[in-house]
Amino acid sequence: MPTWLMLALLAILILMPVALILISAFSSSTPRPGSIGLSGLTLENFKILSSHQSVTALTNSLVVATSASVLAMFIGGTLAFLAARTNIWGKAVIYFIGIAPMFLPSLVGALAWSLLAGPATGYLNLLTRGIGLGNLFNVYTMPGLIFVLALYYAPYAFLLIHGAMTLMNPDLEEAASVHGGSLGKILSTVTFPLVTPAILGSGVLIFALTMENFPVAQMIGTPGQIETLPTFIYRLMNSAPARGNEAAAVAVVLTVVLIAVTAIQQRMVMKRNFTTVSGKGMKPRMMDIGKLRGVGLSFALGYFALAIVLPVVALLLASLQSSPYVSNLGQLFGEDALSFWSLFQTLQSAAFLDAARNSVMVAVCVAVLGAALAFYLSYIVYRTKTPGRKSLEFVAMLPLAIPAIVMGLGLLWTWLVLPLPVYGTIVVLIIAFIAIYLPQGYRGMSASILQVDKDLEDSAVLLGSTRARAVSYVTLPLMKTGVMSTVLLLLMLAMRELSAALFLFTSNTRLLAIVVFDNYDNGALRSAASTSLLYILVILALVVLAKAFGARATNGEAR
Amino acid sequence: MKNILKTTTSVLAAAALAVTAGACSAPKTVTLVSKAESLSTTSDLVIDGQTVADSELFAKAKAEGSISLYSGYVENSEKEVIKAFTQDTGIKVNLVRLVPNRLLERVLSEQGAKKLGADVIRTSEFSSVSAMNKAGAFTAHKVPNFDQLDDTVKNDGGKFYRVFDPAFTFAYNTALVSEADAPKSWQDLLDPKWKGKIGTTQVGAGGSSASLVRFQLDALGEDYLKGYAAQQPRIFDSSGAQQESLSRGEIQVATAVVSSVNIAANNNAPVKFVVPTEGFALYDYFLGMTPTAQHPAAAQLFMNWNLSKRGASVFSQIGEYPADSTAPAPTVMDVQLPAMNTGLPRRGTPEDLTRNGKEDQATWNRIFGYIG
């Protein structure tokens with residue numbers, strides 16, 4: 001596919017929605033089909049940025065995103081290192097723990113943590129009150145928000161760093177070791193610098209994702225009056241009458257900030273050569289961390305308990321409770337206090353079954369098509385000298401900087417205007433999610449393409465193979481771990497997405513995330529909890545299936 | 001990894017077994033909306049002695065079989081309405097439920113693209129429904145009892161109707177607050193004992209909040225809001241989320257919509273609403289039919305039914321005040337709500353809300369130090 005065709009594709013996927021948002025930011029009226037024009041240009045919308053409120057929201061967002069990324073990268077990076085490069089016990093378990101929280105959408109995690117650590121009646125508070133310690137927890141605080149975000153974004157760091165660590169050429173460490181380097185010295189001067197692209201990549205990714213995360217900010221931050229940019233934008237969009245123009249103005253600023261962050265990271269990746277996979281055979285060296293194995297294992301198990309076990313238990317309890325009010329944990333064991341009735345109701349309801357079908361269909365299509373597009377794009381950018389490839393990359397990374405909720409609105413306008421009959425169908429959701437997750441797909445693909453030596457593919461071409469054949473027989477197989485991780489990543493992301501779908505779904509194309517959020521927003525918490533539980537099971541089933549297809553290739557776990 | 005999956009699968013299987021073996025009984029609930037007292041579907045559709053559709057319209061509507069409804073009404077309540085409607089007519093309703101503000105955006109965008117997917121649209125707030133009307137989202141339809149309805153009900157020659165008004169007051173958690181201790185008036189909420197234990201929705205959360213704030217400023221004054229803000233209430237973005245928080249006991253007293261309290265109590269939540277001595281706010285819900293309806297006959301029938309006596313009775317049983325001024329005030333959870341002429345229910349008129357909306361919002365945000 002020539003570059004211009006790719007550019008045209010990206011223009012429709014990404015540039016057009018962005019343009020509509022931009023017009024909106026500088027316009028006095030919201031651009032809608034039938035009323036798009038450049039009349040009424042104004043800078044009035046940007047006045048909102050100087051308000052005390054926006055400054056607070058921006059500051060909060062920066063604090064939350066920075067702290068959550070640092071914490072998430074610490075958790076994810078530690079687990080990745082343990083699983084990929086050490087002689088810890090149960091590496092498969094560690095790997096599983098590292099990615100498991102991806103099965104839990106942040107929306108569901110936030111819901112579960114508000115059940116667990118809500119003030120006064122959170123289950124953990126009932127527990128501490130039961131043993132005479134009083135109410136200890138309140139998740140509706142800044143630390144609470146950071147904590148929940150970090151829990152559910154750590155797997156992104158884990159996946160990217162783990163991928164890089166398994167692909168690392170051990171010769172370099174070997175050499176350091178032969179020359180007398182200590183473990184700490186090798187790690188800090190050889191191992192970690194080598195995975196810099198992955199660490200930086202995941203850092204920027206998590207920063208951007210947590211900064212634009214809406215569900216957690218809305219469920220945990222809003223009740224504690226902690227305003228962030230996404231909830232601010234959501235409120236502007238949701239106010240009466242909707243203030244879409246000002247929301248777009250705020251979004252433009254957020255976009256500029258995130259583009260700057262992306263650019264800095266870009267410069268660091270581009271100026272150096274991080275090739276670590278070459279023609280030589282390799283097997284990552286396992287480091288002996290001795291007594292630290294126990295510490296590492298408890299760290300992993302502790303994380304697992306906080307991210308998965310406790311939330312699932314909370315959701316289960318909430319969906320079984322016959323009354324929403326519980327004064328102490330003992331009450332739950334009373335007669336008729338718990339019933340599976342609601343869970344069964346949900347399981348049989350058409351709303352749930354339709355939503356589950358839609359979610360799965362969307363996720364699978366997004367994973368496959370999105371990964372293919374991302375690979376092609378990375379290939380053009382990193383492996384060809386095509387003019388304009390930098391601009392391709394810029395466009396592909398753009399959605400990362402635009403809050404999904406705003407992008408969703410831009411996409412709504414785009415697909416209402418375009419004369420293709422996809423609006424109102426499931427196709428528009430697939431298109432939207434591919435557009436929104438292109439940066440993640442692209443980042444995953446390019447991180448692994450950067451690690452595969454270009455010479456290998458060129459040798460095949462020199463020996464008479466066509467380029468396409470060389471790519472599919474040489475480059476792609478070498479990138480297998482990276483490719484499959486990207487597919488899995490996109491699958492999970494698409495399964496979890498809420499914000500972008502808010503403006504695009506119809507009654508026939510509701511997704512599981514929409515059903516949960518609507519239930520929460522409508523105060524139907526029990527039904528939100530039971531749908532959440534089943535939601536997790538659907539995701540789990542999907543992963544098991546995906547594993548059955550490409551099981552051993554998906555990762556570098558114990559082979 | 002494989003082993004883990006195997007283990008997970010077997011654990012899940014065991015859990016599934018436990019589920020089937022465990023208690024599956026439905027929790028105790030009462031039927032919220034009762035069946036029509038009399039129903040004739042043989043030729044004309046006659047419900048409770050009133051003709052809702054003649055035989056021709058009814059036959060066409062039945063042939064169409066379903067309608068698509070875009071609604072900004074509380075989902076649980078809308079589902080009760082749909083249940084009753086389908087029971088009466090056999091016509092199914094496909095519901096797209098969105099909060100009113102998002103619904104407005106959706107309707108305007110779809111209408112602009114000439115792809116409006118709704119047959120009928122229900123939303124709150126006069127400004128929203130007017131904006132939809134201005135965009136051409138509605139077509140005039142005269143319901144059979146058009147002439148009997150007063151001018152606050154029918155709008156623009158039947159393009160849209162005010163159908164009912166929910167009552168916005170406050171409620172308390174009965175497990176945490178005894179009836180004797182419960183606040184009886186809005187002023188009672190300023191008692192220091194409620195500090196940090198009360199809630200409210202933010203002014204921009206929708207037409208309901210705007211109407212409540214209008215009522216509070218009008219009947220209780222700006223100082224009242226200052227006093228309320230000093231109580232450090234938890235501020236919610238949606239009344240649904242606030243209701244759930246009250247049911248769970250995270251807060252003890254909160255502003256609440258009577259029909260939502262009714263539905264929550266029906267689901268075993270320990271909550272009860274209060275009829276304050278100073279009165280409470282009513283806010284409007286409107287209904288209109290679209291010009292591009294895919295199921296025009298069924299849509300007309302839905303309009304007729306909503307504005308019929310039966311419709312009024314259904315909304316009344318849910319806990320709303322029917323727009324039809326001849327219908328009695330609702331009785332909810334064994335409490336007879338005051339009639340309109342007592343002056344206690346205060347409906348914010350569209351003109352009043354439009355005139356004060358912006359300023360009220362600014363005032364509220366300033367007093368509560370809120371971003372919006």
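Annotation: lysines with alpha-carbon distance below 18 angstrom to A:Lys547 (same-chain offsets under eight excluded): A:Lys91, A:Lys480, B:Lys2, B:Lys6. Taken along its principal axes, the alpha carbon cloud of segment A:88-236 reaches lengths of 59, 44, 25 Å, longest axis first. Electrostatic tally near A:Leu511: other residues with Cβ closer than 13 Å to its Cβ, Lys and Arg +1, Asp and Glu -1, net 0. When each of the peptides B:100-112, B:151-163 is scored by the mean number of other C-beta atoms lying within 10 Å of its residues, the order from highest to lowest reads B:100-112, B:151-163. So, counting K/R as plus one and D/E as minus one, what does the shell of residues with Cβ under 12 Å around A:Ala57 add up to? In short, 0.
For segment B:230-362, the dipole from Cβ point charges (+1 on Lys and Arg, -1 on Asp and Glu) about the Cα centre works out to 220 debye, to the nearest 20.
The heavy atoms of B:Asp218 offer some 100 square angstrom of accessible surface to a 1.4 angstrom probe. Scattering from segment B:311-356 was approximated by placing one identical point on each alpha carbon and applying the Debye formula without solvent; log10 I(q)/I(0) at 0.28, 0.32 1/Å stands at -1.02, -1.16. Of the listed residues B:Lys115, B:Lys134, A:Lys91, the order by accessible area with a 1.4 Å probe, largest first, is B:Lys134, B:Lys115, A:Lys91.
Run the numbers on chain B and let me know its relative contact order in percent, using alpha-carbon pairs under 8 Å that are six or more apart. Rounded, it is 23 percent for chain B. The share of Cα pairs per 10 Å bin across the protein assembly as shown, counted from zero up to the longest distance, runs 2, 12, 21, 24, 20, 12, 6, 3, 1, 0 percent.
Beta bridges assigned by DSSP with both partners in chain B are antiparallel in approximately 65 percent of cases. Secondary structure note: in the protein assembly as shown, about 65% of the DSSP beta bridges are antiparallel. Name the shape class, rounded, prolate or oblate, that the alpha-carbon gyration tensor gives for segment A:409-559, where a ≥ b ≥ c are the square roots of its eigenvalues, rounded holds for a/c under 1.5, and otherwise prolate holds if a/b is larger than b/c and oblate otherwise. Because a/c hits 1.5 or more and a/b fails to exceed b/c, segment A:409-559 counts as oblate.
Spatial offset of segment A:368-431 relative to segment A:145-199 amounts to 31 Å, using the alpha carbon center of each.
Comparing the full protein assembly with the isolated chain, the residues of segment B:324-372 losing at least 20 square angstrom of accessible surface (1.4 Å probe) are B:Gln361, B:Tyr370, B:Ile371, B:Gly372. Would you work out if segment A:155-230 is rounded, prolate or oblate? Take a ≥ b ≥ c from the square roots of the eigenvalues of the alpha-carbon gyration tensor; rounded if a/c is under 1.5, else prolate when a/b is larger than b/c, oblate otherwise. Taking the square roots of the gyration eigenvalues as a ≥ b ≥ c, segment A:155-230 is prolate.
Structure note, pairs B:Lys309/B:Lys358; B:Lys159/B:Lys272; B:Lys83/B:Lys142: Cα-Cα distances above 31 angstrom occur for B:Lys309/B:Lys358; B:Lys159/B:Lys272.
Taken as Cα centroids, segment A:48-118 and segment B:167-187 sit 40 Å apart, rounded to the nearest whole angstrom.
Shown for segment B:45-199 is the translational diffusion coefficient from the Stokes-Einstein equation, using the Kirkwood radius over Cα pairs, a temperature of 20 °C and a viscosity of 1.002 mPa s: 114 µm²/s. For segment A:55-170, a Kirkwood radius taken over Cα pairs fed into Stokes-Einstein (10 °C, viscosity 1.306 mPa s) yields D = 101 µm²/s.
Could you work out the mean count of beta carbons from other protein chains within 10 Å of each residue's beta carbon in B:109-120?
5
Normalising the average separation of contacting C-alpha pairs (under 8 angstrom, six or more residues apart) by the number of residues puts the relative contact order of chain A at 22 percent.
Taking only alpha carbon atoms, segment A:294-346 gives an Rg to Rh ratio of 1.16, where Rh is the Kirkwood radius.
For segment B:63-114, the pair-distance distribution built from all alpha carbon pairs, in bins 5 Å wide starting at 0, is 5, 19, 24, 21, 15, 12, 4 percent. What Kirkwood hydrodynamic radius do you get for segment A:282-413 when you take the inverse of the mean 1/r over all pairs of distinct Cα atoms, in Å? Evaluated over segment A:282-413, this radius sits at 21.2 Å. Computed over chain B, the quotient of the alpha carbon radius of gyration and 2.2 N^0.38 Å is 1.07. Lys and Arg at +1, Asp and Glu at -1: add these up for the other residues within a Cβ distance under 13 Å of B:Thr123 and post the number. With Lys, Arg at +1 and Asp, Glu at -1, the net is +1. About its Cα centre, the dipole of the protein assembly as shown is roughly 3340 debye, where the only charges are +1 on Lys and Arg Cβ and -1 on Asp and Glu Cβ. Work out the charge dipole of the protein assembly as shown with +1 on the Cβ of Lys and Arg and -1 on the Cβ of Asp and Glu about the Cα centre, then indicate which of B:Gly227, B:Val120, B:Ala167 is farthest towards its positive end. Most positive-ward Cα: B:Val120.
Name the shape class, rounded, prolate or oblate, that the alpha-carbon gyration tensor gives for segment B:272-372, where a ≥ b ≥ c are the square roots of its eigenvalues, rounded holds for a/c under 1.5, and otherwise prolate holds if a/b is larger than b/c and oblate otherwise. Oblate shape, in that a/c is at least 1.5 and b/c is the bigger or equal ratio.
Among A:Thr466, A:Val70, A:Leu43, which residue has its Cα furthest toward the positive end of the charge dipole of the protein assembly as shown, with +1 on Lys/Arg Cβ and -1 on Asp/Glu Cβ? Of the options given, the answer is A:Thr466. When only the Cβ of Lys, Arg, Asp and Glu is charged (+1, +1, -1, -1), the dipole of segment B:319-372 relative to its Cα centre reaches about 240 debye.
What the pair-distance distribution of segment A:92-145 shows, using all Cα-Cα distances binned every 5 Å from zero, is 5, 20, 19, 17, 15, 13, 9, 2 percent. Sorting A:152-163, B:44-55 by average packing, meaning the other beta carbons within 10 Å per residue, from highest down gives A:152-163, B:44-55. Only Cα pairs under 8 Å and 6+ residues apart enter the sum, and on that basis the relative contact order of segment B:73-192 stands at 15 percent. Work out, in µm²/s and without decimals, the Stokes-Einstein translational diffusion coefficient of segment B:214-277 at 10 °C, 1.306 mPa s, Rh from Kirkwood over C-alpha pairs. Stokes-Einstein gives a translational diffusion coefficient of 123 µm²/s.
The values are calculated or read from the model by the stated rules, or taken from the named source; none is laboratory data. Everything numeric in this text was worked out from a predicted model, so none of it was measured. For neighbour counting, all protein chains shown are included, and Cβ atoms are generated from backbone atoms with ideal geometry for every residue, glycine included. Note: accessible area is taken over every heavy atom of the protein model, side chains too, but ligands, DNA and RNA are not part of it. Shrake-Rupley method; radii C 1.70, N 1.55, O 1.52, S 1.80 Å.
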